Amino acid sequence: MTSDVAATRGARRTVLQDGRAKAYRPMPAAARRRAFAAGLAAYRRGDFFEAHELLEPAWMGTDDPAERDLYQGLIKLAAAYVHEVRGNPLGIAKNLLGARRRLSAAADSSRPGTPTRRRAPGQGAETLDLSAIVRAIDERLAQLEAGSASVRLGPPTI
């Protein structure tokens, strides 16, 4: 993975996202797939900080808006649970809201016939049910709003 990131350092550019210039360091689709798989594996084992770190180069490595939304949504989801470990309900809520917005955008941009599912980058075998993830985020946001911040919310399954 490190060599994938190192290889992109010389090609730094920006892309517009929500009217703002964002970092774009072109990364080949195969490298993004590896980063995606490694990030999901880290998330699924509960290593949320590592998931965030592994997904970030993939997010910066594509100029496709839907793919960027997918990665950034997953990054924000992982970051929410870094804040949960730290006992920071405000950080949880802020990142869950950001994750919800990005993952909803990624779901909305899915191909016809698969409006709620997003295939892993590069058309790999794995798909994520983004609508189910967004519903799980909504449940956790409702718990936070109801004052259940002292209860561990547990991350949505992806």
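Name, by its number, the condition in (1) over 19 Å from the mean Cα position of the chain (by Cα); (2) at pLDDT 90 or above that does not hold for ALA30.
(1)
Pull out all pairs, ordered by first then second residue, where Cβ-Cβ is under 7 Å, the residues are six or more apart or on different chains, the first lies in the stretch 47-64 and is within 13 Å of LEU77 (Cβ to Cβ) and touching a residue at least 40 places away in the same chain (Cβ under 8 Å), and the second is surrounded by fewer than 21 Cβ atoms within 10 Å (Cβ to Cβ) and β-branched (Val, Ile, Thr).
Qualifying pairs under 7 Å: PHE48/VAL82.
Could you list, in sequence order, all residues of the stretch 62-84 that are of a type in the set (Val, Ile, Thr), out of contact with any strand residue (DSSP E or B) (no Cβ under 9 Å at 6 or more places or on another chain) and either at pLDDT below 95 or buried (at least 21 other Cβ atoms within 10 Å of the Cβ) (or both)?
ILE75, the sole residue that qualifies.
Among what's in the stretch 102-119 and is surrounded by 17 or more Cβ atoms within 10 Å (Cβ to Cβ) and over 14 Å from ILE158 (Cβ atoms), pick the residue that is modelled with the lowest pLDDT.
Restricting to residues being surrounded by 17 or more Cβ atoms within 10 Å (Cβ to Cβ) and over 14 Å from ILE158 (Cβ atoms), the top hit is SER110.
Surrounded by fewer than 19 Cβ atoms within 10 Å (Cβ to Cβ), among the small types (Gly, Ala, Ser) and farther than 16 Å from ALA99 by Cβ - does that describe any residue in the stretch 45-61?
Looking through the stretch 45-61, at least one residue is surrounded by fewer than 19 Cβ atoms within 10 Å (Cβ to Cβ), among the small types (Gly, Ala, Ser) and farther than 16 Å from ALA99 by Cβ.
The values are calculated or read from the model by the stated rules, or taken from the named source; none is laboratory data. Just so it is clear, the model here is predicted, and its values are computed rather than measured. Reconstructed Cβ throughout: ideal geometry from the backbone, glycine too, with neighbour counts over all protein chains shown.
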